[in-house]
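Just below is one structure, and these are the notes that go with it.
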Amino acid sequence: MSNNLERTFPLGLDAEAFSFLALDRAHKEASTPYEREHVTPYIREGGVGFRLLNLRHSWDLSFHRWTVDTAEDLMLVREIYRHLYREGSIFHMYEVLRLFLDRPELFDINQKAHREA
């Protein structure tokens, strides 16, 4: 189960869950160095008989980039935390989306960064 087979969540909010049996099988059957380092490609592409499911969000939010790969990404995350973090509490995806509605200039901070599929 994944939320990134067809991306509808922001980049950086990827989640994948596998059964132990699937991971064990991938460990035993994967042969290339890439498949051995990253189990997901073998399960998605190399293995036969794995059942793949994708969790789609009702809105396409894939144009958002909430990962930290560049200096601009880090700047954005720092701004999000500056606006939303309160000690002892947590904030959620919808609060970040609301922040972008209230402060659309924040969205521009990392939009020139390379977009990953």
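Couple of notes before you dig in:
- Selected residue (only one of Leu5, Leu13 is hydrophobic (A, V, I, L, M, F, W, C), out of contact with any strand residue (DSSP E or B) (no Cβ under 9 Å at 6 or more places or on another chain) and not in a helix (DSSP H, G or I)): Leu13
- Filtered residues of the range 41-59 (kept if free of Cβ contacts under 8 Å to residues at least 40 places away in the same chain and either part of a strand (DSSP E or B) or not small (Gly, Ala, Ser) (or both)): Pro41, Tyr42, Ile43, Arg44, Glu45, Val48, Phe50, Arg51
- Within the range 62-77, residues that are without any contact (Cβ under 8 Å) to a residue 24 or more places away in the chain sit with their Cβ atoms under 6 Å from residues that are in a loop (DSSP other than H, G, I, E, B), at 6+ positions apart or across chains, in these pairs: Leu74/Val68; Val77/Val68.
- Qualifying residue in the range 27-40 (condition: among the charged types (D, E, K, R), in a loop (DSSP other than H, G, I, E, B) and at negative phi): no
- Residue within the range 34-42 that is modelled with pLDDT under 90 and in contact with a strand residue (DSSP E or B) (Cβ under 8 Å, 6 or more places away or on another chain) present: yes
- Residue selected from the range 1-53 under the condition farther than 25 Å from His92 by Cβ and of a type in the set (Val, Ile, Thr), by the criterion surrounded by the fewest Cβ atoms within 10 Å (Cβ to Cβ): Val48
The values are calculated or read from the model by the stated rules, or taken from the named source; none is laboratory data. This is a predicted model, so every value here is computed, not measured. Cβ: placed from backbone, ideal geometry, glycine included. Neighbour counts: every protein chain shown.
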